[in-house]
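Since every read-out is calculated from the coordinates, none of them should be taken as a lab result. All of these numbers come straight from a predicted model, not from anything done at the bench. All Cβ positions, even for glycine, are placed from backbone atoms using ideal geometry, and neighbour counts span all protein chains on display.
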Amino acid sequence: MTLTIQNIKRVGSDTTESVTIENGKIKGWNIEPEGETIDGKGGTLAPALIELHAHLREPGQTEKEDLHSGLAAAAAGGYGTVVCMPNTSPVIDDPALVRSLIEKAGALGLARLKPAAALTKGQKGEALAELSYLKGAGAAMFTDDGRTNENARVLRLGLEYAGSLGMVISVHAEDATLRADGVMNEGPVSEALGLPGNPAAAEAARVARDMELVAQTGARLHVQHLSTARALDIVREAKKRGLPVTCEVCPHHLDLTDEALRGFDAIYKVAPPLRTQADADYLLEGLLDGSVDCIATDHAPHTKAEKERDLLEAPSGIAYIEIAFPVMWTKFGDKLGLEKLLDLMTAAPARVMGWPEPSLEAGAPADLVVLDLYTEREVNPAEFKSKAKFTPWQGQTLRGWPLLTVVDGKVAYRRE
Ligand code: DOR
């Protein structure tokens, strides 16, 4: 299959060019157009985004999201690859389930799925899952995300085993006993609202423990959705010690703070919680100085009815994979710059995983996105492909909308 995208600019260049794609690879630049031609409308061509952290809810929670809606949302957000989390029902801890998800997703022609498998059976934090078989089935990483790894010995064994398989473990780093029943960041806002708080120490203490387990085992650990300045400092120190640790931050922890909870709206309830402006500023600095490795969304859809419950009862999670790039570009593009931002959402996640870095050279895999960096559009969740048709950014005006996403040389999304 051959496809030519005309009227595009490569990231970092002002020249209008065309790219021809054949059999899933970039065939060449500015050659005689072949096959179907698509007008890139002057947009910026970049490698498709890579998401290391999304909840697609299949199997078993398909009232919230499913592979089709989640991967269509991802493609609309400019993502070519998505690592989905295993906190489903049943939990993704079975090699046959990993295989069937990959197969099912492959037939959809949307973003490519790379399932994360559970580190422990049933994500119970007790016995390790069959890591070697899960790797053989195509699991991208191991994580008990959604749950915290309370048993340090089990995580240590997991690190030793996963390390010997050359696999990454990612952790939801919160001490569950310290977090207790906190529904938002513990601080002046939670006190003013009379809501149970989740202290920054719950994250920092857990990250500190986990850094010691990395030191003990020498195995690769990725810390998910860092939300506090203190936890980032602990990761920084670990990196200075030469430990093989990486970390991600999510756009919601950069752009939103605990002040958002003043309206008691559970749309802002997320784990770890929205923190203070000082934390958000500190995390942004971490992106700039390289101590934060990459950006991930933690796209976590729930039903509207669930998120309309009161703060104490509603589940945690913010869903926004299809606007993550526009949010980052609009809010932080001036500070990060386009090339750095794109690196954090494409090559950087690939480096975290040890995957080949995406490239725009002839011969590279054709996972591509065309971004309209300038046109402002209002966020209208009714248009979302995700089943979660609500988001904290609804009604805001953003730039940086994907026009076209190509995955494996085929069109996975095209803005009408
Ligand atoms: O807010 C969250 N929602 N954090 C998690 O770790 C899990 C996620 C979910 O599955 O809804």
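If you build a Gaussian network model of the chain, linking Cα atoms that sit under 10 Å apart, which residue out of Glu357, Glu186, Glu174 swings the most?
Per the Cα network of the chain with a 10 Å cutoff, Glu357 tops the list.
Under 5 Å between amide hydrogens, which residues at least 5 positions from Leu56 or on another chain qualify, with H placed 1.01 Å from N in the peptide plane?
Met85
Pairs of alpha-carbon atoms within less than 8 angstrom and 6+ residues apart define the contacts here; what relative contact order does region 42-123 have, in percent?
Here the relative contact order equals 32 percent.
Please compute the modelled spin-label separation between Asp265 and Ala278, points set 7 Å along Cα→Cβ, answer in nm with one decimal.
2.7
Okay, helix-only estimate at 222 nm for the chain: each DSSP H run of n ≥ 4 adds -39500 (n - 2.57), divide by all residues, round to 500 deg cm²/dmol; what do you get?
Calculated from helices alone, the mean residue ellipticity at 222 nm is -9000 deg cm²/dmol.
With equal scatterers on the alpha carbons only and no solvent term, can you work out the Debye log10 of I(q)/I(0) for the chain at 0.08 1/Å?
Listed by q, the Debye log ratios stand at -0.40.
Dipole magnitude of region 1-127 about its Cα centre, charges +1 at Lys/Arg Cβ and -1 at Asp/Glu Cβ only, in debye to the nearest 20?
280
Say R0 is 30 Å: what FRET efficiency, to the nearest 0.05, do Gln216 and Lys104 get from their beta-carbon distance?
Efficiency, rounded to the nearest 0.05: 0.20.
Grab the Cα-Cα distance for Glu17 and Glu308, subtract it from 0.36 nm times how many residues apart they are, and report the gain in nm with one decimal.
Contour length minus the Cα-Cα distance gives 100.0 nm.
What nm distance separates the two modelled labels at Asp289 and Arg377, each placed 7 Å from Cα along Cα→Cβ?
3.7
Placing +1 at every Lys and Arg Cβ and -1 at every Asp and Glu Cβ, with all other atoms neutral, what dipole size does the chain have around its Cα centre, in debye to the nearest 20?
560
Number of Lys-Lys pairs in region 290-416 under 29 Å by Cα, sequence gap 8 or more or different chains?
17
I want to check a number: in region 8-147, how many lysine pairs have alpha carbons closer than 17 Å, given a sequence separation of 8 or more or different chains?
Going through region 8-147 pair by pair, I get 5.
Share of Cα-Cα pairs in region 1-142 beyond 17 Å, in percent?
Distances greater than 17 Å cover 65 percent of the Cα pairs.
In whole Å, how far is the Cα centre of region 342-382 from that of region 235-305?
Between the Cα centre of region 342-382 and that of region 235-305, the gap is 20 Å.
Quote to one decimal, in nm, the extra length available between Ser132 and Glu36 on full extension: 0.36 nm per residue of separation minus the C-alpha distance between them.
30.3 nm
Highest mean first, how do 132-141, 150-159 rank when packing is the count of other Cβ atoms within 10 Å averaged over residues?
132-141, 150-159
In whole Hz, with x marking every Gly and Pro, tabulate ³J(HN,Hα) for region 242-256 from phi via Karplus 6.51 cos²θ - 1.76 cosθ + 1.60, θ = phi - 60°.
x, 6, x, 10, 10, 8, 10, 10, 10, x, 5, 7, 8, 9, 10
Scan around Ala173 for amide H atoms under 5 Å from its own, H built in the peptide plane at 1.01 Å from N, and keep only partners 5 or more places away or cross-chain.
Amide H to amide H, under 5 Å and 5 or more residues apart or across chains, Ala173 pairs with Gln224.
Could you compute how fast region 152-230 diffuses translationally, taking Rh as the Kirkwood radius over C-alpha pairs and applying Stokes-Einstein at 4 °C with viscosity 1.567 mPa s? Give it in µm² per second.
Approximately 95 µm²/s, per Stokes-Einstein.
How far apart, in nm, are two points set 7 Å out from the Cα along the Cα-to-Cβ line at Arg351 and at Leu338?
Inter-label distance under the simple model: 2.1 nm.
Can you sort Met211, Met167 from fewest to most other Cβ atoms within 10 Å of each residue's own Cβ?
Placing the least packed residue first, the sequence is Met211, Met167.
Could you tell me how far the Cα centroid of region 142-176 sits from the Cα centroid of region 1-72, in Å?
33
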